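Participant: Dropping the structure in here first, questions after.
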């Protein structure tokens, strides 16, 4: 088993300045799972209602995603409805219906318990803890969360952070949770809670990695084709985890590359609604864009001679 | 003549969560000028009233800054009073008194007309045009502006942009001026107005360079010692111009380095009020921090072999 992703699977109704789409495939586990599947064997764990369109499960299977961890139960699938205003920086929720997620009990099928790379996407931290309890000996576990859990399940969230390797949060959530407007200070406080590494996702401003020893700043893609930001953070996480699983190399160098791979995947995901861009995405495009990221961020040192009399 | 900087010279009253300082040395030309003086011969053009403390002029002279372009006229010096809230992302103005700047007529002393590198710091664009008219044959001219001129002198501002090489703006101003929330689109629109290159300053999120041909993303310094953001953008511009003047190399590679030098200078400037950190700043510190910026942003390519089956 390569990558196991536990999170939401849902039907989104999304409105952006580029249009409105009703009941399209979405959810944190879906965006992360599809992104990860470009790199490694991927399994998704979540729950859907009996109304969940079969075509979406077929799509996951066509991407060779293991769906044995997706429970189909009586009731309605998770639904989220929201819109983005002109600046598209923030999702505004119109309606969230947890539906079958109110009774979700993540029970991993036996073969998924041995997953080496596990991403606990945004979900009730108490459920994230239940998943952690079932894992045998993962190489690397990462987690994400959102404001709702920061406000309502702070203690469980702290417990999850203590037990994972990578904490992924967007900048607003990290500032909010750690009660400081300063991102580096928020990251240091998260490290003190017990995480080995913290990745702050900044959307249009890129991503930052903090550990006790190192700092890495990933540029953003100069995206002028942004159509729907939904799922960007999850496709980042999926690419990051998938690439680490594929390479099985946890060196600092490779973690930096994995963060760029995640950034590349997110930059594609936002170019169309739902998973539409990912459905069309080709391996060559990924490589080309990775290379662009390198071009965007390269610069040479001040020479020694110059340094002396800067 | 190396670098000529035209802008405001003033006395700032600044309040941040780290304290309040009354009537400290400030102004766009001062922050840019001091920063530039670390690299190249620098002259400042502006105006002060007879109340301007002699010690500040002595300080500029001690930094070997040419102050022959600073007019001392009857009246009161420019004053700005403002505060930063907890998040320190935005300056809130309490009071702006243009004072002697209401009658400022930038007349360059003969020897400053031949300046090779000219930075038109934030100032009435009609005055910026007057300076442009006096320049003999500059190698490179850069300009900055602010919301007030975008709202009130749009045509003059467009004229300045047409005539300079580098437009420097912060992200909010660029979005506002070009009427789009998307930074890359705003930058492209600014290029269409006639600028050869656009640098978008994003404060805690770094800086971006856009030209017709290339894009460069400079990381931000993970600054957990931020005490007073006033003048950050101007010290960025000063370092950028000073380094280009010192090296006299307008290659793409060197422009990238100059943007990092600017970022380094800004990262120091915000560590204390007014010019206090710059007064203590040593050349070795600059070099060390430049090197840190490289460490923060380096990553290796996906190998060819990997690329084939990403």
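Participant: Restricting the stretch A:178-204 to residues that are within 16 Å of the chain's Cα centre (by Cα) and assigned to a helix (DSSP H, G or I), which is nearest to the other protein chains (Cβ to nearest Cβ)?
Facilitator: Only one residue tops the list, namely A:204.
Participant: Going through the stretch A:248-269 one residue at a time, which ones are closer than 17 Å to residue A:38 by Cβ and assigned to a loop (DSSP other than H, G, I, E, B)?
Facilitator: Result: A:248, single match.
Participant: Something else about it: Looking at this structure, is residue B:267 buried (at least 20 other Cβ atoms within 10 Å of the Cβ) and within 14 Å of the chain's Cα centre (by Cα)?
Facilitator: For residue B:267, the condition - buried (at least 20 other Cβ atoms within 10 Å of the Cβ) and within 14 Å of the chain's Cα centre (by Cα) - is met.
Participant: Could you list, in sequence order, all residues of the stretch B:138-177 that are farther than 14 Å from residue B:121 by Cα and within 14 Å of chain A (Cβ to nearest Cβ)?
Facilitator: B:171, B:172, B:174, B:175, B:176
Participant: Pairs please, first residue from the stretch B:198-222 and on the phi > 0 side of the Ramachandran plot, second anywhere and modelled with pLDDT of 95 or more and assigned to a strand (DSSP E or B), Cβ atoms under 7 Å, 6+ apart in sequence or on different chains.
Facilitator: B:206/B:217; B:206/B:218
This table checks each residue for (1) in contact (Cβ under 8 Å) with a residue 24 or more places away in the chain; (2) surrounded by fewer than 16 Cβ atoms within 10 Å (Cβ to Cβ); (3) assigned to a strand (DSSP E or B).
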position: A:61; (1), (2), (3): no, yes, no
position: A:80; (1), (2), (3): yes, no, yes
position: A:112; (1), (2), (3): yes, no, no
position: A:151; (1), (2), (3): no, yes, no
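Listed here are the residues, each with its yes/no results for (1) facing chain B (nearest Cβ under 9 Å); (2) in contact (Cβ under 8 Å) with a residue 24 or more places away in the chain; (3) in contact with a helix residue (DSSP H, G or I) (Cβ under 8 Å, 6 or more places away or on another chain).
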site	(1), (2), (3)
A:225	no, yes, no
A:245	no, yes, yes
A:253	yes, no, no
A:261	yes, yes, yes
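Participant: Which ones in the stretch B:37-51 are buried (at least 21 other Cβ atoms within 10 Å of the Cβ) and either away from chain A (no Cβ under 14 Å) or outside any loop (DSSP other than H, G, I, E, B) (or both)?
Facilitator: B:37, B:42, B:43, B:44, B:45, B:46, B:47, B:48 - these are the residues of the stretch B:37-51 that are buried (at least 21 other Cβ atoms within 10 Å of the Cβ) and either away from chain A (no Cβ under 14 Å) or outside any loop (DSSP other than H, G, I, E, B) (or both).
Participant: Since residue B:127 meets every condition but one in (1) out of contact with any helix residue (DSSP H, G or I) (no Cβ under 7 Å at 6 or more places or on another chain); (2) within 23 Å of residue B:238 (Cβ to Cβ); (3) within 14 Å of another protein chain (Cβ to nearest Cβ), which condition does it not meet?
Facilitator: (3)
Participant: I've got another one for you. Is the stretch A:294-303 home to any residue that is within 29 Å of residue A:18 (Cα to Cα), surrounded by fewer than 24 Cβ atoms within 10 Å (Cβ to Cβ) and within 11 Å of chain B (Cβ to nearest Cβ)?
Facilitator: yes
Participant: Identify, from the list A:289, A:277, A:257, the residue that is out of contact with any strand residue (DSSP E or B) (no Cβ under 9 Å at 6 or more places or on another chain) and under 23 Å from residue A:116 (Cβ atoms).
Facilitator: Only one candidate qualifies: A:257.
Participant: Can you tell me which residue in the stretch A:88-110 is nearest to the other protein chains (Cβ to nearest Cβ), limited to those that are part of a strand (DSSP E or B) and within 21 Å of residue A:126 (Cβ to Cβ)?
Facilitator: Residue satisfying both the conditions and the ranking: A:96.
Participant: Yes or no: residue A:234 more than 10 Å from every other protein chain (Cβ to nearest Cβ) and either under 17 Å from the mean Cα position of the chain (by Cα) or closer than 24 Å to residue A:117 by Cβ (or both)?
Facilitator: yes
The values are calculated or read from the model by the stated rules, or taken from the named source; none is laboratory data. Keep in mind it's a predicted model, so treat the numbers as computed, not measured. In this analysis, Cβ positions are derived from the backbone assuming ideal geometry, glycine residues included, and neighbour counts consider all displayed protein chains.
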